[in-house]
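S.K.: Input: one structure, supplied below.
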Amino acid sequence: MPQVVPLQAIPNQTVQCQLGNQACTINVYQLAFGLFCDVYVSGTLICAGVICLNATLIVRYAYLGFSGDFVFLDTSLEGADPVYTALGDQFQMVYLSSAEIAALNLPAGIS
């Protein structure tokens, strides 16, 4: 079952949580041209400055050393890209385990 990362409707935030047996720190921030995020595991940067798009993986590549991945989902089913004013409500950041990602049958090289 995918886990929802608890985000608030504020433009810049940091969330610390345990996901897939990993101590995660996630920075989510709004810039003039979109919502972005950084992912750290146990203080090590995994990916930075990734634009947050609807239903698009954040980490994307297994070689980065992260188990699983994140996606933003538009719960209104409109398919809009996330904006901070609706985080935690219309837009949910969801953690997917490696098994859940494998079930998506993504192209080789993408986690």
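The values are calculated or read from the model by the stated rules, or taken from the named source; none is laboratory data. Here the structure is a predicted model, which means the values were calculated and not measured. Every residue, glycine among them, receives a Cβ derived from its backbone with ideal geometry; neighbour counts consider all protein chains shown.
S.K.: Scan segment 75-82 and tell me whether some residue there is part of a strand (DSSP E or B) and at pLDDT 90 or above.
M.R.: no
S.K.: Consider ILE10 carefully, then state whether it is under 17 Å from ALA86 (Cβ atoms) and either among the β-branched types (Val, Ile, Thr) or in contact with a Ser or Thr (Cβ under 9 Å, 6 or more places away or on another chain) (or both).
M.R.: Working: under 17 Å from ALA86 (Cβ atoms): yes; either among the β-branched types (Val, Ile, Thr) or in contact with a Ser or Thr (Cβ under 9 Å, 6 or more places away or on another chain) (or both): yes.
For ILE10, the condition - under 17 Å from ALA86 (Cβ atoms) and either among the β-branched types (Val, Ile, Thr) or in contact with a Ser or Thr (Cβ under 9 Å, 6 or more places away or on another chain) (or both) - is met.
S.K.: Do you know which residues across segment 7-39 are at pLDDT 95 or above and assigned to a loop (DSSP other than H, G, I, E, B)?
M.R.: The answer is LEU7, GLN8, ALA9, ILE10, PRO11.
S.K.: Looking for something in contact with a helix residue (DSSP H, G or I) (Cβ under 9 Å, 6 or more places away or on another chain) and assigned to a strand (DSSP E or B) - is there at least one such residue anywhere in segment 50-61?
M.R.: Going through segment 50-61, the residues in contact with a helix residue (DSSP H, G or I) (Cβ under 9 Å, 6 or more places away or on another chain) turn out to be 57.
Filter once more, keeping what is assigned to a strand (DSSP E or B): none.
No, that holds for no residue.
S.K.: Also: For segment 27-44, which residues satisfy the criterion of being touching a strand residue (DSSP E or B) at 6+ places or on another chain (Cβ under 6 Å) and on the phi < 0 side of the Ramachandran plot?
M.R.: Within segment 27-44, the subset touching a strand residue (DSSP E or B) at 6+ places or on another chain (Cβ under 6 Å) is 27-29, 34, 36-42.
ASN27, VAL28, TYR29, PHE36, CYS37, ASP38, VAL39, TYR40, VAL41, listed by residue number.
S.K.: Separate question: Restricting segment 84-99 to residues that are surrounded by 15 or more Cβ atoms within 10 Å (Cβ to Cβ) and more than 13 Å from the chain's Cα centre (by Cα), which is nearest to LEU31 (Cα to Cα)? Let's see the steps before the verdict.
M.R.: Of all residues in segment 84-99, those surrounded by 15 or more Cβ atoms within 10 Å (Cβ to Cβ) come to 84, 86-88, 90-97.
Pick out the ones that are also more than 13 Å from the chain's Cα centre (by Cα) and you get 84, 86, 90.
Details: TYR84: 10, ALA86: 15, GLN90: 19 Å.
Going through the qualifying residues, I end up with TYR84.
S.K.: Sticking with this one: Output the number of the condition that THR85 fails; it satisfies all remaining conditions of (1) outside any helix (DSSP H, G or I); (2) modelled with pLDDT of 90 or more; (3) among the β-branched types (Val, Ile, Thr).
M.R.: Going through the list (1) outside any helix (DSSP H, G or I); (2) modelled with pLDDT of 90 or more; (3) among the β-branched types (Val, Ile, Thr), THR85 breaks only (1).
S.K.: Restricting the search to segment 41-71, which residues are among the polar types (S, T, N, Q) and more than 15 Å from THR25 (Cα to Cα)?
M.R.: Of all residues in segment 41-71, those among the polar types (S, T, N, Q) come to 42, 44, 54, 56, 67.
Within segment 41-71, ASN54, THR56 meet the criteria.
S.K.: Restricting the search to segment 63-83, which residues are within 19 Å of GLN3 (Cα to Cα) and surrounded by 15 or more Cβ atoms within 10 Å (Cβ to Cβ)?
M.R.: The answer is PHE66, SER67, GLY68, ASP69, PHE70, VAL71, PHE72, LEU73, ASP74, PRO82.
S.K.: Taking the conditions exactly as written (within 19 Å of PRO2 (Cα to Cα) and among the β-branched types (Val, Ile, Thr)), does ILE58 satisfy them or not?
M.R.: Numbers: within 19 Å of PRO2 (Cα to Cα): yes; among the β-branched types (Val, Ile, Thr): yes.
Considered against the rule, which asks whether it is within 19 Å of PRO2 (Cα to Cα) and among the β-branched types (Val, Ile, Thr), ILE58 comes out as yes.
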